[in-house]
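Throughout, read-outs are computed from the coordinates displayed, never taken from laboratory work. All values reported here derive from a predicted model rather than from experimental measurement. Don't worry about glycine lacking a Cβ; one is built from the backbone with ideal geometry, like all the others, and counts go over all protein chains shown.
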Amino acid sequence: MVKLGEMLANLEMDELMEAVQKELDQGTDPVEILKDCEAGMVAVGEKFSAGDYFVSDLMMSGEMFKEVGEMLEPHLAGKTGESLGKVVLGTVEGDIHDIGKDLVYIMLKSGGFDVIDVGVDAKPEAFVDALKESGAPVLALSCLLTTCYDSILNTVKAVEAAGLRDQVKIIIGGGPTDESVVTYTGADAVGDDAQSAVRICKEMM
Ligand code: B12
């Protein structure tokens, strides 16, 4: 495969879109295309940390990744059949990153789940309301900012306060989350990527 990630990291929009289309035409697995582009996003983050890229560059990379996601969605989705169950998904309060969340949405949908997306910067009450309305047994929280771990914690507490905790499994994910964040927040599991979100949600159902 051509180095899609490199094109993304270098913010070469037109070249990337052309190359992704070419890969699709050649029958490359869309999940592999996504993985390559994710590596590019990691590189963008590193450039930002090093002071070589600015917020405008982050935004540009975000737009590029979203466009790739839109191109790939029809190739990932489209599997019909019985629903495996409902999942409430969103990015926690204070965090507006939605690329990873949207990717998890696409993968869960194409994996056969009904997904209720409450969006970004979502308050604990928004998650609780969606759980009550839908009766979903799984809550999936995305969080990319270390400063927002307390938003995960507050969401878990709100689910407890609503009396739903023993009926709802909580999975977290996004950039810096790991087992230590699961322990800190009282969630049930963490997933590294959108594929693991599908696997873990299946186990939780
Ligand atoms: C693009 C980007 C932005 C864009 C977001 C655009 C958008 N629509 O989302 C914009 C410009 C808005 C932005 C803003 C900011 N950002 Co920013 N951003 C990024 C960047 C480069 C990429 C994030 C991304 O989309 N990655 C690609 C996706 C696919 O990966 P992902 O989200 O991790 O998701 C995957 C997995 O983690 C997993 N996953 C995700 N969610 C979930 C949920 C579940 C349940 C599961 C199981 C799995 C899962 O599946 C996904 C697919 O495999 C990262 C650097 C990086 N490499 O992560 C910085 C980064 C996250 N941002 C950072 C910062 C500091 C900021 C700002 C504070 C900058 C500023 N000074 O204003 C603001 C914060 C705004 C806010 N309140 O949220 C830091 C965070 C540092 C930290 N320790 O917290 C990072 C790490 C950059 C850095 N190296 O410093 N950002």
So for each of 62-70, 42-50 I average, over its residues, the number of other beta carbons within 10 Å; can you give me the resulting order with the highest mean first? 62-70, 42-50
Given the options Leu108, Leu72, Leu24, which has the most mean-square fluctuation in a GNM of the chain, springs set between C-alpha atoms less than 10 angstrom apart? Leu24
Using each residue's phi in the stretch 137-153, evaluate 6.51 cos²θ - 1.76 cosθ + 1.60 at θ = phi - 60° and report the 3J(HN,Hα) Karplus result to the nearest Hz, with x for Gly and Pro. x, 10, 10, 10, 10, 9, 8, 10, 10, 4, 6, 10, 4, 5, 5, 5, 3
Can you give me the three principal axis dimensions of the chain from its C-alpha atoms, in Å, biggest first? 51, 44, 24
Cβ-based charge dipole, the chain, positive-most Cα from Val190, Leu144, Gly51: Val190
Based on Cα coordinates alone, diagonalise the gyration tensor for the stretch 86-204, multiply each eigenvalue by 5, take square roots, and list the semi-axes in whole Å, largest first. 17, 16, 13
With a sphere of radius 9 Å drawn around the Cβ of Leu4, what net charge do the other residues whose Cβ falls strictly inside it have (Lys, Arg +1; Asp, Glu -1)? -2
Using a simple charge model, +1 on the beta-carbon of Lys and Arg, -1 on the beta-carbon of Asp and Glu, nothing else, what dipole does the stretch 86-204 show about its Cα centre, in debye to the nearest 20? 320 debye
Check which residues have an amide H placed less than 5 Å from Ala162's amide H, if you skip close sequence neighbours. none
